[in-house]
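Enquirer: Mind looking over this structure? Questions follow.
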Amino acid sequence: MNPRKVLCGLLLCIVFVLIPSNLYAQATTDNSSVTAQLNDAKTMVAKIKKDAVKVESYALTSGLSWQTHSAVLAKIKNDVNELQENMRGLQSHRTVASPWQQEAIDRITGFANDLATSMNATIDRLSKSKSRPTAPPYPEYLKANTRIASDLADEIDATIDYAQNKMKLDSLGQQLDSSAK
């Protein structure tokens with residue numbers, strides 16, 4: 001066998017194995033930009049949840065006009081659009097995030113997309129029943145928005161808590177390792 005061919009074949013194998021793994025290597029440390037964007041999302045979702053609860057309570061009051069409902073829904077929709085922009089930022093950092101952050105981004109983005117879809121359906125429903133903003137099924141749409149916003153807030157809180165606890169655990173592990181040496 002020709003030694004030159006063997007060497008070329010070996011080099012090609014190394015190139016095909018090492019280069020792709022270096023190009024697509026996942027981050028093993030947490031990305032601080034992802035953490036910052038999650039904290040921003042937490043603030044946005046808190047506003048959305050508060051307003052969703054408010055407009056849901058409007059469905060229990062028969063004296064409020066559809067314009068009152070519409071004004072709050074427009075505010076929520078603007079906040080949801082801002083949240084979607086934040087989600088696009090999170091997605092753009094996904095490839096440089098740690099594996100657990102990537103999973104969290106996927107879960108949180110899913111909830112945010114569900115919320116946007118639900119908000120659009122709620123606004124459509126209100127425009128179809130302007131004269132009766134408290135008539136079914138409109139209140140169910142409002143309940144769905146509140147539930148999704150609450151689930152999203154819980155998911156973000158759990159992710160931020162996990163990040164903080166993981167950081168503490170990593171720090172304690174490093175202290176333990178250094179004291180063992």
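Enquirer: Assuming residue 178 fulfils every condition listed in (1) in contact with a helix residue (DSSP H, G or I) (Cβ under 9 Å, 6 or more places away or on another chain); (2) in a helix (DSSP H, G or I); (3) at pLDDT below 95 apart from one, which condition is it?
Expert: Going through (1) in contact with a helix residue (DSSP H, G or I) (Cβ under 9 Å, 6 or more places away or on another chain); (2) in a helix (DSSP H, G or I); (3) at pLDDT below 95 one by one, residue 178 breaks only (1).
Enquirer: Additional query: Taking the stated definitions as given, is residue 27 closer than 23 Å to residue 112 by Cβ and at pLDDT below 85?
Expert: Answer is yes for this residue.
Enquirer: Can residue 61 be described as at pLDDT below 95 and in a helix (DSSP H, G or I)?
Expert: No; evaluated as a whole, the condition is false for this residue.
Enquirer: Out of (1) among the hydrophobic types (A, V, I, L, M, F, W, C); (2) over 17 Å from residue 149 (Cβ atoms); (3) surrounded by 17 or more Cβ atoms within 10 Å (Cβ to Cβ), what's the single condition that is false for residue 71?
Expert: Every condition holds for residue 71 apart from (3).
Enquirer: Filter segment 118-171 down to the residues that are closer than 14 Å to residue 59 by Cβ, buried (at least 18 other Cβ atoms within 10 Å of the Cβ) and hydroxyl-bearing (Ser, Thr, Tyr) and list them by number.
Expert: 122, 138, 141, 146, listed by residue number.
The values are calculated or read from the model by the stated rules, or taken from the named source; none is laboratory data. Not measured: the values here are computed from a predicted model. Cβ sites come from the backbone with ideal geometry, for glycine too, and all protein chains shown count toward neighbours.
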